[in-house]
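Asker: Attaching a single structure in structure tokens format; questions to follow.
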Amino acid sequence: MIPKDDCATFAIRSNLLDMAVQVRTKVVAIVDDDESVRAALLGLMKEVGLPAKAFASAEEFLDSGEQAQIACLITDIRMPGMSGLELQAKLNAENCRIPTIFITAHGDARMRMQALRSGAVEFLAKPFNDDTLLESVRAALEM
């Protein structure tokens, strides 16, 4: 039996497991220069049954050539080299519209507005709740 407090979490994760079956060929991409964040997010995606790949930089993600396989992009805003916002702009300019979730410890209202106006699904401040992120991933996968 699931404790009452965990019912919402169970529902979100169960829903994501169902979606994982439907999008087997699509992958969640994680772009963050912090290795511990990448590892934690990979573990979270694995826990709910979503295939995921991690990249240490926007450039590494772009060089991978895997954009067509990506169903959802989770990216940090501030990274050495190309920022998450610059990555979003580059993808948009190339007509590669990947539902994007931004995560940041350094965001402000202007950045949030820019990201959302450019098509971001969500803009989350670190530290964020896993369930909030998973709900955003679910929304992105439904697009």
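None of the figures in this text is laboratory data; all of them are computed from the coordinates on show. Keep in mind that this is a model prediction, so the values were computed, not measured. In this analysis, Cβ positions are derived from the backbone assuming ideal geometry, glycine residues included, and neighbour counts consider all displayed protein chains.
Asker: List the number of the failed condition for Leu85; all other conditions in (1) in contact with a helix residue (DSSP H, G or I) (Cβ under 7 Å, 6 or more places away or on another chain); (2) outside any loop (DSSP other than H, G, I, E, B); (3) under 15 Å from Lys26 (Cβ atoms) hold.
Answerer: Result: Leu85 fails condition (3) only.
Asker: In addition: Could you tell me whether any residue of the range 69-77 is assigned to a helix (DSSP H, G or I) and either more than 19 Å from Glu35 (Cβ to Cβ) or of a type in the set (A, V, I, L, M, F, W, C) (or both)?
Answerer: yes
Asker: Of the numbered conditions (1) of a type in the set (A, V, I, L, M, F, W, C); (2) under 23 Å from Glu142 (Cβ atoms); (3) in contact (Cβ under 8 Å) with a residue 40 or more places away in the chain, Leu91 fails exactly one; give the number of that condition.
Answerer: (3)
Asker: Could you please give the count of residues in the range 73-110 that are among the charged types (D, E, K, R) and crowded, with 20+ Cβ neighbours inside 10 Å?
Answerer: Of the residues in that region, 1 qualify.
Asker: Additional query: Return the residues of the range 55-110 that are farther than 14 Å from Lys126 by Cβ and polar (S, T, N, Q); say none if nothing qualifies.
Answerer: Ser57, Ser64, Gln67, Gln69, Ser83, Gln88, Asn92, Asn95, Thr100
Asker: Among the residues of the range 90-135, write down those that are among the small types (Gly, Ala, Ser), assigned to a helix (DSSP H, G or I) and farther than 17 Å from Asp32 by Cα.
Answerer: Ala93, Ala109
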